[in-house]
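The values are calculated or read from the model by the stated rules, or taken from the named source; none is laboratory data. Given the structure is predicted, the values throughout are model-derived calculations rather than measurements. Ideal geometry is used to build each Cβ from the backbone, glycine not excepted, and the neighbour counts take in all protein chains shown.
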Amino acid sequence: MSALEELLSELRGVCAGLVDKRQGQKCRYTMADIGLAAFSVFFMQSPSFLAHQRVLAAGHGRSNCQTLLGMSAIPSDNHIRQMLDGNRPAAFDGLFPAYAGTRRWRRWRPPAGWRPSTAWTGGC
């Protein structure tokens, strides 16, 4: 399993455990897919998640969310916001620091031209 696959597996687990407000309702999207959809906006460095996915799906028949992130369904931007609002960011506290200490993470080097999204860095 690659370092990215390990990280995404752990992220999926954290997202699956987020508070789900849809008590007793038929659910089309899992909390894991909703959380990974939010993550993908930063991972893919695209300002419009849905537009990016439509372009990929139209051109290639599949989106990166399905291929790279293993998502089964892609929720709308509004649904992502509605479902994640109220969840505490502290749910993710143990995910990245724990992974950063591993040998694979220390060996990882970003691809040429890669830069963190300005949304993650506050525009710095």
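Quick notes on this one:
- Applying the set (1) buried (at least 18 other Cβ atoms within 10 Å of the Cβ); (2) without any contact (Cβ under 8 Å) to a residue 24 or more places away in the chain to Val55 leaves exactly one unmet item: (1).
- Test result for Gln45, of a type in the set (S, T, N, Q), touching a residue at least 40 places away in the same chain (Cβ under 8 Å) and out of contact with any His (no Cβ under 8 Å at 6 or more places or on another chain): yes
- Of the residues making up region 6-51, those that are aromatic (Phe, Trp, Tyr) and within 12 Å of Met71 (Cα to Cα) are Tyr29, Phe39.
- Residue count for region 1-25, restricted to those that are outside any helix (DSSP H, G or I) and of a type in the set (Ser, Thr, Tyr): 1
- Those helices (runs of 4 or more DSSP H) lying entirely in region 26-104 with at least 3 residues within 17 Å of Val14 (Cα to Cα), at pLDDT below 85 and not hydroxyl-bearing (Ser, Thr, Tyr): 95-100
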